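Structure first, commentary second.
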Amino acid sequence: MVNVNNELGSELKPMPSMAASAVLPLLLSILVCPYATAAPATGGGASCGYTHLFSFGDSISDAGNFVTFFPGAPATALPYGETFFRRPTGRFCDGRLIVDFIAEALGLSFSPPFLGVDRTAAAAEFRQGANFAVGAATALGKDFFTEMGLSPALVRFIPPYSLDVQMEGFKQVLHLLGPTEQERKGIMSSSLFVVGEVGENDYSYLMLQNRSIDAVIKPLVVPKVVAKIENAVKVLLELGTKTIVVPGDFPMGCLPRHLTMFQSTDPDSYDADGCSRRLNDLIQHHNAAVRTMLERIPRDDPAVAVVYADYYGAGLEIIHNPLKHGFAEDGVLKACCGDGGPYNSNSFVSCNATSNLCPDPTKYVQWDGDLLTEAAYGFVARGVLHGPYADPSILSTCRC
């Protein structure tokens, strides 16, 4: 494969696009946009007025970047991808991700993963956007974790695709799509950006090395993570974007893998849903810091929208009320695909072709112990597209 950017060396490779479509007529765009009508995944163009979707983050949004440099990852084999694509696509899910549902609603094709696309084909592959999110990625760079004293073995496991590196990858794509400054400004002003969610992996790596949440992570690490997110938002604003969605993190204390790894014998450590109070408190602290940061970012242009997406609230809603939203009660804290135990997530990598697989993933919130099912992601996506889990909702920002 040809490197997209010589300066970043082997860290930036690519992969082919999944879908392509013709641009919808301008008249259809004008008719559809005011009503914020969702378009099918294969609908081309921008029925909502957006011409591109660019996303950054970790495995919540990774459409195949991680498996490009780690081809032995579980997401390269079934049952990953079985629900929608009927094959593994590199997504850590049984089907579509939140960013995929957003692309469908905007009338855009699914954004292809940045790593793996040949430079000569990049302009064509990324004509409706690109996905820069990488599974297991962090907001902070690997050097930070080395300085924090994490074991070399754990540091090696951290992908070299921190949020800063992902942003550099986007700048490369922007110049490929828009050779002139005027073209780049046009792309920026008509594109939707999703920055995150990101940060949960930073905290998880530190907790695996017994770093204190209250003494180390909250006071020292959370501000650094949020500063990286702030920098990414400011870079995009300086480049001329008009709409950025910044999600908060999901309730970490409700994930099967974390419930397995950080078990407690104290019943007061768990809330009424069975989630870890300590872990969820950390994520609420992170999310509050992100919201505060977004509120203080200056917006000189009234046309600019910086949207906070409440992934935490949406995730907690289906955990609180699974039956109301079509999920089974036993699919709330137990992984659909796993290897046994109270949460069906006994080991760090618990989902593969020989795993215990639930009969119906659409009834489960949790997919593989660390990520959610397509059904859960669909619920979250609807909440940020239409509200109430984004203010303003994404579709209300349609640009006709």
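The values are calculated or read from the model by the stated rules, or taken from the named source; none is laboratory data. Since this is a predicted model, take the numbers as computed values, not measurements. Here the Cβ is made from the backbone with ideal geometry for all residues, glycine too, and neighbour counts use every protein chain on show. All accessible areas refer to the heavy atoms of the entire protein, side chains included, with ligands and DNA or RNA removed. Shrake-Rupley method; radii C 1.70, N 1.55, O 1.52, S 1.80 Å.
What is the ratio of the Cα radius of gyration of the range 118-162 to 2.2 N^0.38 Å, where N is its residue count, to two decimals? Walk me through the numbers before you get to the answer.
Details: Rg = 15.0 Å, N = 45, 2.2 N^0.38 = 9.3 Å.
Cα Rg divided by the expected 2.2 N^0.38 Å: 1.61.
Dipole of the chain, Cα-centred, from +1 at each Lys and Arg C-beta and -1 at each Asp and Glu C-beta, to the nearest 20 debye? Walk me through the numbers on the way to the answer.
Working: 29 positive and 41 negative charges, 134 e Å.
Here the size comes out at about 640 debye.
Let me spell out the model: positive unit charges on the Cβ of Lys and Arg, negative unit charges on the Cβ of Asp and Glu, origin at the Cα centre of the range 243-298. What dipole size does that give, in debye rounded to 20? Working shown, then result.
Working: 5 positive and 7 negative charges, 47 e Å.
So the magnitude is around 220 debye.
In whole Å, what three semi-axes, largest first, describe the equivalent ellipsoid of the range 172-302 built from its Cα gyration tensor (square root of 5 times each eigenvalue)? Before the final figure, lay out the partial values.
Details: eigenvalues 265, 40, 34 Å².
One finds semi-axes of 36, 14, 13 Å for the range 172-302.
Let me see the P(r) profile for the range 89-188: every Cα-Cα distance counted, bins of 10 Å, each bin given as a percent of all pairs.
Each 10 Å bin holds this share of Cα pairs: 13, 36, 33, 15, 3.
Quick check of the Kirkwood formula: for the range 146-191, what is the inverse mean of 1/r over all pairs of different Cα atoms, in Å? Please report the intermediate quantities before stating the final value.
Details: mean 1/r = 0.0773 Å⁻¹.
For the range 146-191, inverting the mean 1/r across all distinct Cα pairs yields 12.9 Å.
For the range 133-260, give the percent of accessible area contributed by carbon and sulfur heavy atoms, probe 1.4 Å, rounded to a whole number.
53
Express the accessible area of the range 339-382 per residue in Å², computed with a 1.4 Å probe while the remaining protein chains stay in the model. Please report the intermediate quantities before stating the final value.
Numbers: 1730 Å² over 44 residues.
Here the per-residue accessible area is 39 Å².
Ranked from highest to lowest mean number of other Cβ atoms within 10 Å per residue, what is the order of the peptides 328-339, 209-220, 138-149? All intermediate terms of the calculation are to be shown ahead of the outcome.
Working: 328-339: 21.7, 209-220: 13.6, 138-149: 17.8.
Order by mean packing, descending: 328-339, 138-149, 209-220.
Counting only helical runs of four or more DSSP H residues, what would the 222 nm mean residue ellipticity of the chain come to if each run contributes -39,500 (n - 2.57) and the total is spread over all its residues?
Numbers: 14 runs with 137 residues, N = 400.
My calculation for the chain gives -10000 deg cm²/dmol from helical runs alone.
Hey, what do the phi angles of the range 59-75 turn into as Karplus ³J(HN,Hα) couplings, whole Hz, using 6.51/-1.76/1.60 and θ = phi - 60°, x for Gly and Pro?
3J(HN,Hα) across the range 59-75, in whole Hz: 5, 4, 10, 5, 9, x, 6, 4, 6, 5, 9, 9, x, x, 5, x, 5.
Please name which of ILE60, TYR364, LEU115 has its Cα lying farthest along the dipole of the chain towards the positive end, using unit charges on Cβ (Lys, Arg +1; Asp, Glu -1) and the Cα centre as origin.
LEU115
List the residues whose amide H sits under 5 Å from the amide H of ARG96, counting only those 5 or more places along or on another chain, with H placed 1.01 Å from N in the peptide plane.
Answer set, sorted by chain and number: PHE84.
Once the dipole of the chain is set up with Lys and Arg at +1 and Asp and Glu at -1 on Cβ about the Cα centre, which of TYR270, ALA75, LEU236 lies farthest towards its positive end?
LEU236
For the chain, modelled as a GNM with alpha-carbon contacts under 10 angstrom, which of ALA103, ALA153, ALA133 fluctuates the most?
Of ALA103, ALA153, ALA133, the most mobile in the Gaussian network model is ALA153.
Number of Lys pairs in the chain with C-alpha atoms less than 27 angstrom apart, excluding same-chain neighbours closer than eight positions?
Number of lysine pairs found: 27.
Compute a Gaussian network model of the chain, connecting alpha carbons closer than 10 Å, and tell me which residue from SER55, SER151, SER189 fluctuates the most.
Looking only at SER55, SER151, SER189, the biggest GNM fluctuation is shown by SER151.
Determine ³J(HN,Hα), in whole Hz, for all residues of the range 325-342 in sequence, where each value follows from phi through the Karplus function 6.51 cos²θ - 1.76 cosθ + 1.60 and θ = phi - 60°; x replaces Gly and Pro.
Using θ = phi - 60°, the values come out as 10, x, 9, 8, 4, 7, x, 7, 10, 10, 5, 5, 10, x, 10, x, x, x Hz.
Would you mind computing, in nm to one decimal, how far apart the modelled labels at ASP273 and LYS224 are, each placed 7 Å from Cα along Cα→Cβ?
Those two pseudo-labels are separated by 3.0 nm.
Can you tell me what the convex hull of the Cα atoms of the range 260-356 projects to on average, as an area in nm²? Show your work: numbers first, answer last.
On the way: hull surface 37.0 nm².
With every direction weighted equally, the projected area is 9.3 nm².
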